[in-house]
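To start, the structure under review is shown below, and the notes come after it.
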Amino acid sequence: QGFFNIPVDHMFANVLFAKYFEETGEMADDLVIVSPDAGGIVRARALAKKMNAALAIIDKRRSQANVAHVMHVIGEVEGRDCII
């Protein structure tokens, strides 16, 4: 971000994550991909779609710098395998 004079591409690992879990047999039927905040929803949704998994979102608020409080978890996560 401003430190390079050459073109830079963003690299996403969603394909690698999905392939790893599929090949290792770690993909549980009750798998949930969890976005840790609103900024990660698009990436979490893409991974959940690729892995055919459910999606959950953590709604948190910051009372001050470096202090976050979880207000709600949107989606079913209790008793399920979650990837954040």
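The values are calculated or read from the model by the stated rules, or taken from the named source; none is laboratory data. These numbers were taken from a predicted model, which means no experiment stands behind them. Please note: Cβ atoms are built from the backbone with ideal geometry, for glycine as well, and neighbour counts cover all protein chains shown. In case anyone asks, the SASA skips ligands and DNA or RNA and just uses the protein heavy atoms, side chains included. Shrake-Rupley method; radii C 1.70, N 1.55, O 1.52, S 1.80 Å.
Couplings for segment 30-41, taken from phi via the Karplus curve 6.51 cos²θ - 1.76 cosθ + 1.60 with θ = phi - 60°, read 9, 6, 10, 8, 10, 7, x, 6, 5, x, x, 4 Hz in order; Gly and Pro are left as x. In summary, the convex hull built on the alpha carbon positions of segment 36-84 has an orientation-averaged projected area of 3.7 nm².
With R₀ fixed at 25 Å, the C-beta to C-beta distance from ASP30 to HIS72 puts the FRET efficiency at about 0.75.
Solvent-accessible area assigned to carbon and sulfur over the chain amounts to 54 percent, based on a 1.4 Å probe.
Need the list of aspartates and glutamates near LYS60 for cross-linking: C-alpha distance under 13 angstrom, and skip anything on the same chain fewer than eight residues off. Once the sequence-local aspartates and glutamates are set aside, what remains near LYS60 is ASP37. Between ALA54 and LYS19, the contour length at 0.36 nm per residue exceeds the Cα-Cα span by 10.9 nm. Can you classify the chain as rounded, prolate or oblate using the Cα gyration tensor, where a ≥ b ≥ c are the square roots of its eigenvalues, rounded means a/c under 1.5, and otherwise it's prolate if a/b beats b/c and oblate if not? Oblate shape, in that a/c is at least 1.5 and b/c is the bigger or equal ratio.
Placing pseudo-labels 7 Å out from each Cα toward the beta carbon at VAL42 and ASP81 gives an inter-label distance of 2.9 nm. When the charge dipole of the chain is built from unit charges on Cβ atoms (+1 for Lys and Arg, -1 for Asp and Glu) and taken about the Cα centre, the candidate among VAL15, LEU55, ASN5 whose Cα reaches farthest toward its positive end is ASN5.
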